Structures are given as structure tokens and as C-alpha cells.
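The values are calculated or read from the model by the stated rules, or taken from the named source; none is laboratory data. All of these numbers come straight from a predicted model, not from anything done at the bench. FYI the Cβ positions are ideal-geometry reconstructions off the backbone, even for glycines, and counts take in every protein chain you see.
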Amino acid sequence: MRNSLHMGFWIKGAQALALAAAVCFSLGATDTGSRYNDLNHRLMCTCGCAQILGECNHVGCTSSKQELDELRTYLAAGMNDQDILGKFAAKYGATVLAAPTTQGFDLVAWIAPFAVFAAALLGTILLVRRWTVGKKEAAAQAQISDPATKALREQIRRETGADGGY
Amino acid sequence: MAAFGSLSLLIALALAAYNLLAGAVALRLLATGQPAPISPERLADTARRAGIAGFVAVSAAAFALIWSVFADDFSITYIMEHSNRALPAAYKFSALWSGQEGSLLLWAWLLGIYGFVLRLTHKRDVKLYAYAGVIMAGIQVFFLAVLNFAAPPFALFRGAVPEDGNGLNPLLQYPEMVIHPPMLYLGYVGFSVPFAFALGALMMRYPGEKWIKITRIWTLVTWLFLTFGIFLGMHWAYAVLGWGGYWGWDPVENASFMPWLTGTAFLHSVMMQEKKGMMKSWNVWLIFSTFLLTMLGTLLTRAGLVSSVHAFAQSTIGTWFVTFMIVVLAVCIFTYVLNRSHLKSDQQLESLVSRESSFLFNNLVLLTACFVILWGTLFPILSEYVVGNKVTVGAPFYNRVAVPIGLFLLFLTGVGPLLPWRNTSLKSIKRNFVLPTVMLWATVIVCLAVGVRPWKDGAVDQGSFYALIGFALSAAVFTAILSEFLRGAGVISKQTGRNIFSSIYLLTRRNTRRYGGYIIHIGVVIIVIGLAGAAFNRSQEQELALHDKLAIGPYVLENVGFTEDSNLNYNSEYAQLDVYKGGKKLFQMTPEKRVYLASGQPQTMVAIHSVPGWDLYVVYEGTNPDTQQPIIKAYLNPLVGWIWAGVALIFFGTVVALVPSLSPATAALRVPARTAPAEPALKGGHE
């Protein structure tokens, strides 16, 4: 009963995480003003300042002004985000994109962190479960049911839990 | 002075090499019991003394460089490139770490200081300290070899000695830059000490967990230095770079963050080893990784592997660092394989829902975050190698990948302290989690009510969405930690009749490590609230002629003057802006732009007015070349001050954690023993 409650707790937790992850991936902007702001934060200034295009703060920086003008033109022409980013990448090279794309080898950049996290999470859960099962089996074998021993165990548990730490 | 400095470095190298070799031979003789013409103990002591003398020699070299800076000795190339006559005295110290050679000397000097303290306190455990001292000497040999043969700081200028130097990089001419790099380096270098103890303890198959207790203070202090260094860097970026932000996911920022993450993981998981004898191999590898990541950070900064605003000029010392890292990794793997049986865990977990598990998951998340940052930092190199195409991995990548991981970590920060050791029951989960959960949802409702909208035009707005989760989780975690304090203090109050504040004080003194840790967690919560505020940043850029006005948020800025100034070090232009709120003049701000005479480089000096709710952040961007009018960019950055307040709390919490807890005997003297022993909650357990 207690085990099933524990499992239910973890399943619900996993569902909540999956939902949060799905929401994270669905993030994006729709209207032109928001898209302009969103896109200029997905591009780099090419003047060599290593800053996000929308945050480049050099007075008279011709690169950022030119890029921002191009971005406005593309948005006015009704191009979608992917096409705009593609246009920039074709003109200035892939380094103008502030983050890897989701195509080709670039996709590995996005997948690897989540794959590593999922594998590590699964590994940790399996490891903990294996440890706990092993422990329970050992406890069952010992079959300590004597009330005096139980009281002693409780006392030891209290005392060993009292040595400070986190 | 150049000859004196060079000679000091050479002597320091010889002494470090002797320390390494003689120490290693002595420890080998002790381990095998082989007869030798000199007793191993005496040989080991000569090695230790050589280490102390080496510290004196490397200090002499550092002194020589600082002296040369103050003496304007431009016959030394390094001084010529990083200083000038008009440089203010405080910044002349900064010249020590403003270039590659000087910063490597600083590294060696700090390593010498740590080694000096370690060798002076060797009587605590002579053999373990001897191992650690030899390993420290090995690291010192590497740095001194680089300083002597690859990046000599006292190299003489070829040709006629110039009248004046090139000056210090303007970015470094800011008060925080006098303390930010040394703090960061104290953190980086400091991790050499727990690394040396961990490797030494493994080599000698040290019994028990005493080495962890010995290194605890070292690790905590080092971690604090690194934390401070990172946040000072953030504040410097905020106040000097003039882009309104404090963290740009620059590769060198990332390089400092990675060892912080693994160091933080170590500080948590090491408690499992102390209390339960678990995770021994894990801890050893965490500290090995932390040390290697500090080396990787240095490599990234100096080898020109990745493009960064911090990176020093590309040089050949990258090869030295790569070789050193390979050697260190090989030694770690070899020692681990040879002695891994010594690291067998004493106990195993009893339940998936327990504090032990929460430590495991905490480590998992911290290491995943470290992997994400390492991956993002190195992916451009990987991409270029695999497909021949270099890409940029900037803020959008990290915001999408690392921020959710950070929020999950914050969630664990709240959950961990609420779970008891060993096992837990559904009843206790319900009891402990109800209040934080209520606070979480209450915060969501309040945020929505005051206008935080996690969606915009039918789509989720990334910044606001993360901010909402950040605020809600922060409220829940804060409630969880506060309830821990109040629960314990309530018991003490009931037992002793003290008021609640006095009870909280006594509770904290009884277990400084635990409650100091909780204070640090509150600091983290406050920082997260500050970071979440960035989602609501506003900015306004405008050309401001005399008496023109710029409105942002509740403020109106009026240009009442635009003037110039100059001194021996720089020329400056600045705008004088009167700031009004509700029609009433509050104060004047003077954002500035400097041009340093020696280097000819420009520098922004931002004007910041900070209140708890937000920062008014004003940048003078220069004049419009067509109209000659000043261009002002004003930002209203909510909650930034909370970040720095959170750091102060982390400092306080770490100091509390470093203070020894009241011993049971002392505690008994202070608390009249009127009743039965205190509740388990006071002693580290809950059930």
C-alpha cells in the first residue's frame, strides 16, 4: 500500500515535469513587435562585440543597425521566423545565430543535455530502488521482531540521527 | 628587480621540485618500509620545509612584479603592456592579474599561500598532510615551470625602453576589479587543497572520514571565495559593460560557474559520506572533477579555444595546460583503480523518498547543469571539428536548457530539508509539504493578480513564465526553510521559556552547519527572485538635447548639462540628468564615457540608482555624430538589488556554517534541563 502510494507520488511528479518540459518547448512569440524583439535576441551582432543583436550598445555600430534594419524588412515582408534566421545565416554565416538550429548536427546540441539528464535520472532512480530492495531483503532475512530489540533499534535510530549535519 | 624576480621564480621551482621528489620518495619509503640512508620522516620534513621556503621564494617574485609596477619599470615587457605612469595606485595592484604572465604568478603565489598554511598545520595529521603537501607541490611545479619557461613575467623589453606604458585595460579600471580576480583565483586555487587531500587520502588508503572533516573548512572557504568572485564579476559586468545585464553566458563566465556547480555538489554529497559512509567514490570524483574544471577554465581563458570578451591573447601555454590535465586525470584514474576497494560504501539507501535520495538528486541536477554548461561552451569547437561549421551557443540556448534545470534545483532546495534521513511516511510528507504548497499557489495567484502574464498573444512568454515559476518556487522554498527554523525554535522556546528570536539563535548555535546551510539556501532563494526580475526589464533609448526629457517607469530624466573633464589618466564626457518622480526632483545622475589616454580605449561608466524594487540604470552612449547631441539609454531593471542582498546572506550563512556548533556539554549549560531531551528535529532528524 505504502509502496503504491510512493509510486503514485513519483508518477505524478514525472507527469508534472513532462508537462513543464512541454510548455518550455512551446515557448515563442506571435505578433510582429514581439517577434522583432524575440528574433533580435536570437541573433548576434556581427561587429565582433560578442553581444546579442538586441543588446548591442555601441553607439554608431553599423553592424547592429544594418542587421536590425534587415530584420524589420524581413518581418514587413511577412517571412516566418525560420526563413528569417535562414537568411541571416546564409548572409553572415552560422555564427550570427545566437543558438544552434534544430537541424542536422546542431540538433545534437539540444538533445544531448536532456538525454544526459534523462539517463542520469533513470540511472539514479534504478540505483536507489536496487539499494532499497536489497536493504529490505536483508531486513526481512534478519526478521527482528522481538519488542526489546525493536525498542533498542528505535533508541539507536534516535541517537544516531542526532549528530548534527545537514 | 627583473633579475631578482626571475631568480626567485627559478629558486621557487627548484624548491617545489625538491618538495615533490623528496616528499614522494619519503612517502614511498614509509609505505614499503625499505631501509634508506636517511630516515623517511626526516626526508619528508625536509620536503615540507622546502615547500615553506618555496612560498617565500614565490612571494618574493610577486613582490618583485608589484614593485616593478609601482616603480614604472617599463624595461619589463609585462609592465610596459599593462601599466602606465598615470595609473592610480590601486589599479597598479591590478596589473598583477591583468595579463597572462601576471595572473599565472598570482595563481602560483596563492597556491604558495595555501600550501604554506597547510604545511604549518601539518601536526594535525602528519602523514595525510605529507601526502597532500606533495600533491600541492606537484601542482606548484607545473605553474612554476610555465612561469619560468613559457610565460615569464619578467621578460625584458627588446629595444629602446619606452617612456610610458600602454596602460591597464580600461575594463579593469574599476574598484571591483581590484578584488574580483583575486577572489575568483582564491576560489580556483583553493580547490587544489581538497583535491590534494582527497587524492592523498586515496593513495594512502586513509581510514575513516577524517580527511573530509579536515578539508571541510578549506572547501567551504574556497567555495565562498569562488561564489564571491563570480558575483563580483556579475556586478562588475552590470556596472561597467553598460548592456543592462550581469550574466551573458560567456565561455569564461561559464568556466568559473562549472567548478562552482561541482563544488556545491561536493559540499552536499560529502555530508552523506560523513553521516552514512556512503558515496565515497562519488565524492572523490566530484573533487577530482572540480579541480580539473578549474584547470579547464584557465585553459579556456588562455588558449584561445573559444571566443570570449575575457580571453587573453592566444598563446602556446594551452598545450601546457592540456598536458597537465591529462597527467592529472591519469594519476586520478590510476590511483582510483588501484584503491577503489577502499571506497566501498558502508551503508545503502533505505527509501527513495528520504534526505539521502534528495542529496543524490541534488547532485544529479547540479552535475547535469555543469554538463549543460560544459556542452554549450565546447559545442562550437565540436561542431567545427565534426561538420566544419562553427556555431554560436549563446544566451538563448542556456535560457532554454539551463534555466529549467536551475528551477528544478530550486525545487529540490525546498524539498530536501523537509525529508527526514533514512525513510519517510506519507503522513510526514503531508504535514511538511502543506504550507509550502499553499504558499506556492498563493504566490502564483498574487503574481497573476498583479499583472505577471506567463503568456502573450496566445503563446507562452518565456521570461514571464520562468519568472512566475521562480517566484512561486522561491516562496515555497522560503516557507519550507522558515518552518524548519520555527519548528525547532518553538521546541526550544517551550523548553526554556526563551523568546522566539533567542530560540532561533540557540537553535542555530546548536547546529551551525545545518542552519548555516539553510541561511545559504535563503540567500539562493533571494538571488533567484532577483534573477526572475530580469523578465520585466524595460529600456528606453533617446537622443537628449539640453532640457529634453526621457520617461521610463515612474521616473522622468531631464538633461540639464553635458560636459567634459580630464585628468592624467583619461578624458571623460558625461551627461547631467536630473531625475524626477511624480513631478518632484529626487537626485542627479551622471553617466559617463571615458577615453583612456595611454591605450586610447573607451569605457562606459554607468550611473545606477538602486532601490529594493528596481534599479534605474542609465548609460551615456556618446554623441550622435550627425547632431552632436548625447544619446542616453535608460533601463528600469526590477529586483536586481535582491541578487546582491542574496549574496550577502550566502556570505553570512557560510560564516555561520564555519562556526563550531555548541558542544552538547556547552549547550546543556545554556539550556536549563527542565524537560526530556530535545525533539529529534533539533538533532538532524524529523521522525
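Tabulated values for the structure
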read-out	value
Residue within the range A:28-43 that is outside the structural domain of A:Leu122 (by TED's automatic domain parsing), within 23 Å of B:Trp247 (Cβ to Cβ), at pLDDT 60 or above and over 27 Å from the mean Cα position of the chain (by Cα) present	no
Check on A:Phe114, surrounded by fewer than 17 Cβ atoms within 10 Å (Cβ to Cβ), modelled with pLDDT of 85 or more and assigned to a helix (DSSP H, G or I)	yes
Subset of the range B:606-654 [within 14 Å of chain A (Cβ to nearest Cβ) and among the acidic types (Asp, Glu)]	B:Glu621, B:Asp626
Residue match in the range B:483-499 (condition: assigned by TED's automatic domain parsing to the domain that holds B:Gln588 and over 33 Å from the mean Cα position of the chain (by Cα))	no
Helices (runs of 4 or more DSSP H) wholly inside the range B:42-144 that include at least 1 residues being of a type in the set (Asp, Glu)	B:77-82, B:100-120
Those residues of the range B:205-219 which are more than 15 Å from B:Gln273 (Cβ to Cβ) and surrounded by 18 or more Cβ atoms within 10 Å (Cβ to Cβ), in sequence order	B:Trp218
Members of the range A:74-93 that are over 17 Å from B:Val391 (Cβ atoms) and outside any helix (DSSP H, G or I)	A:Ala77, A:Gly78, A:Met79, A:Asn80
Residue check for A:Ala120: surrounded by 14 or more Cβ atoms within 10 Å (Cβ to Cβ), modelled with pLDDT of 85 or more and at the interface with another protein chain (Cβ under 9 Å from one of its Cβ atoms)	yes
Subset of the range B:124-182 that is charged (D, E, K, R) and under 20 Å from B:Gly600 (Cα atoms) - its residue that is farthest from the chain's Cα centre (by Cα)	B:Glu163
Among residues of the range B:438-482, those that are of a type in the set (Ser, Thr, Tyr) and away from chain A (no Cβ under 14 Å), counted	3
The range B:386-407, residues that are facing chain A (nearest Cβ under 8 Å) and either of a type in the set (Lys, Arg) or not in a helix (DSSP H, G or I) (or both)	B:Asn389, B:Lys390, B:Val391, B:Thr392, B:Val393, B:Gly394, B:Arg400
Enumerated helices (runs of 4 or more DSSP H) restricted to the range B:176-291, each holding at least 2 residues that are under 22 Å from B:Gly416 (Cβ atoms)	B:210-236, B:251-276
Leading residue by the ranking (farthest from A:Ala50 (Cα to Cα)) among those in the range A:81-117 that are of a type in the set (S, T, N, Q) and within 14 Å of another protein chain (Cβ to nearest Cβ)	A:Gln103
Selection count where residues are within 23 Å of B:Phe142 (Cα to Cα) and either modelled with pLDDT under 65 or not assigned by TED's automatic domain parsing to the domain that holds B:Pro380 (or both), scope the range B:307-350	4
Residue match in the range B:57-80 (condition: among the acidic types (Asp, Glu), over 30 Å from B:Asn567 (Cα atoms) and surrounded by fewer than 21 Cβ atoms within 10 Å (Cβ to Cβ))	no
B:Gln588 being within 14 Å of another protein chain (Cβ to nearest Cβ), farther than 20 Å from B:Gln173 by Cβ and surrounded by fewer than 21 Cβ atoms within 10 Å (Cβ to Cβ)	no
Residue match in the range B:154-169 (condition: crowded, with 24+ Cβ neighbours inside 10 Å, outside the structural domain of B:Gly200 (by TED's automatic domain parsing) and out of contact with any Ser or Thr (no Cβ under 6 Å at 6 or more places or on another chain))	no
Checking B:Leu639 against (1) at negative phi; (2) modelled with pLDDT of 90 or more, the condition it does not meet	(1)
Residue check, A:Thr101 among the polar types (S, T, N, Q), surrounded by 12 or more Cβ atoms within 10 Å (Cβ to Cβ), part of a loop (DSSP other than H, G, I, E, B) and at pLDDT 85 or above	yes
Selection count where residues are surrounded by fewer than 23 Cβ atoms within 10 Å (Cβ to Cβ) and within 21 Å of the chain's Cα centre (by Cα), scope the range B:373-394	3
